[in-house]
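**Q** This is the structure I have questions about; it appears just below.
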Amino acid sequence: MNKQERIIIIFLMMLCSLTDCNSLFAQENQNVFDKIVIDAGHGGNKPGAIGSKYKEKDVTLAVAIKLGKLINENLKGVKVYYTRVIDQDIDLYKRSTIANRINADLFLSIHCNSATNKSAGGTETYAMGLGKTESNLEVAKKENAEILTENNAIQNYEGFDLNSPESDILMSLYQNAYLNNSLDFAAKIQAQYQKNVPFKNRGVHQANFVVLWKAAMPAVLTEIGFISNPKEEEYIGSEYGQWVIASCIFRAICEYRNKTDNINDPIPSLEQLIPKDVQEKEQLRKDNEQLEKNLALASGSDTANQSDVQANNKSEEAVKMTQAKNDSIQNIQKSGSEVIYRIQFMSSPSKLSLNDGRFAGLEDIFAYQDNDTWKYTAGMFATQREALDYQKSVKEKYKDAFVVAFHEGKRITIVEAQRLQKK
Ligand SMILES: [Zn+2]
C-alpha cells in the first residue's frame, strides 16, 4: 500500500479507538482474576543488557521464579504461567501469544534497564502507548531490538519497523481496550517499589513494546533497576534484592486483583513474604557493613595517633598485641558475660568433628546449632576490631567468612553487641 493509503488506515483506526470499537476487543469481565503470565525478559543467546557481574536474562528469570513462587504459595486460586523457566530464547511475539491462548487476566514482562551513564538509576513500569519522551522511546527501542535477530520477523510482526512513526501508532492501538487497567497495575507496582526498593521511582510511562503489542489483556513491562549502575546491579543481582522486588510486584498483583474482583483479601507484608533465612542473611550483611564502616573510622583516627611509633618497635609491638589479646580473652572467659566476637566461615547439616581437615590452620573452632544447621566459627575476640583483623586471614580460605557476636553463649546481632559494649 502506498503512503496515502497507510495514513488513511491509521486515521480510521484512530477514529475507531476513540469510538466504541474498543468493546470489540474488550474482555468479558465476568471472569475472576485467576491466570497470570510472568515473562522473564530475554534468554538463551539473547542476554539483554549486560552488567559487570550479572546479565539481564538471569536476573529477570530469578525474579520471575520468585514471584511465581509467592503467587503459588500465597494466592490460592490464581494460576501462574511462565513464558520461560530456563535460560531459553523465545521470540517476542510468542510470549504474548502464550497469554492469549490461555486467556490470561494479566501479562507481566520483567526487564532490567541500562544506560551508558553509570549513575543513571531507578525503577519504571510501562504500559503500551506512544512514547512521550525521548528516553521512553529509547527504552522501547532497546527492548524491541531483539526482533532484528529473530527468524521470520517480517511475517510475525506484520512488517513492523522499529523506526517508523506509523508502526508506532498502529501498535499503540492494540492495547487501548486494556490501557486503563494496565496503567493502574503499573502504578501499583511503582508505588510498591517506591516504598520498599532503595532506588529512585522513575514512574509509570507509555511506550510501544513488541512483547506487549498483541496481548489481549492488561499488560505491563516493568524495569526493575539499572544493571549498568553498580549499586543497583548489586541489589537486583542479590537474593535479598530479588525477593524484595518479587514481593513488591506480588503485593501490586494482590491489590489489582482485590480491585478487579471487588474483594478485600488481606495482603501479606514483605516480612511475611521474604524467606526468613534471606532476611537473616541480609541483617548479617548490614551488620558487617556497619562494622566495617565503624572500624574504618576508628582505624583512621588510630593511624594519626600512631604516626610516631618507631619502625624498629614493630616486633615488640606484635608481642604486646598478642599478650593483650590473650589477656582480653582470659577476661572474657573469666567473666562469662561479656560480648564475644568470632568469625563464622562454614555451616553443615551435621555436626563435624573438631579434627575435621577443613578446620586446619584455624584457631578456637567453635560450633553452634541454628535450627537444623551447625555453624562453625573460628577465633574468639573481645573487640570487633580484633575480629575483623582475623577475618582477613579466614577469608583467604573461606571468602564469605563474616564476623558474628555472642552474648552469654547466645548469638546476637552486631548492633546489639555494640549496644551492650557501650553500656
Ligand atoms: Zn530487557
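The values are calculated or read from the model by the stated rules, or taken from the named source; none is laboratory data. Remember, predicted model here, so these are calculated numbers, not experimental data. We place every Cβ from the backbone using ideal geometry, glycine too, and count neighbours over all the protein chains shown.
**Q** Within segment 355-382, track down each residue that is part of a loop (DSSP other than H, G, I, E, B) and either outside the structural domain of Q418 (by TED's automatic domain parsing) or under 34 Å from the mean Cα position of the chain (by Cα) (or both).
**A** N371, D372
**Q** How many residues does segment 193-223 contain that are under 20 Å from R285 (Cβ atoms) and of a type in the set (V, I, T)?
**A** 1
**Q** Could you tell me whether segment 254-274 includes any residue that is more than 19 Å from K195 (Cβ to Cβ) and within 11 Å of the chain's Cα centre (by Cα)?
**A** No.
**Q** Let me ask something else about it. Among I71, I98, I36, which is the only one that is part of a helix (DSSP H, G or I), crowded, with 18+ Cβ neighbours inside 10 Å, more than 16 Å from the ligand (Cβ to nearest atom) and at pLDDT 95 or above?
**A** Only one candidate passes the filter, namely I71.
**Q** Of the conditions (1) within 14 Å of the ligand (Cβ to nearest atom); (2) in a strand (DSSP E or B), Y81 clears all except one; give me its number.
**A** (1)
**Q** Is it the case that some residue within segment 241-260 is basic (K, R) and in a loop (DSSP other than H, G, I, E, B)?
**A** No, that holds for no residue.
**Q** Considering only residues that are modelled with pLDDT of 95 or more and either assigned to a helix (DSSP H, G or I) or small (G, A, S) (or both), look in segment 116-145 and name the one that is surrounded by the fewest Cβ atoms within 10 Å (Cβ to Cβ).
**A** S119
**Q** So if I check each of N180, N176, N152, which one is on the phi > 0 side of the Ramachandran plot and away from the ligand (no atom under 16 Å from the Cβ)?
**A** Being on the phi > 0 side of the Ramachandran plot and away from the ligand (no atom under 16 Å from the Cβ) holds for just one of N180, N176, N152, which is N152.
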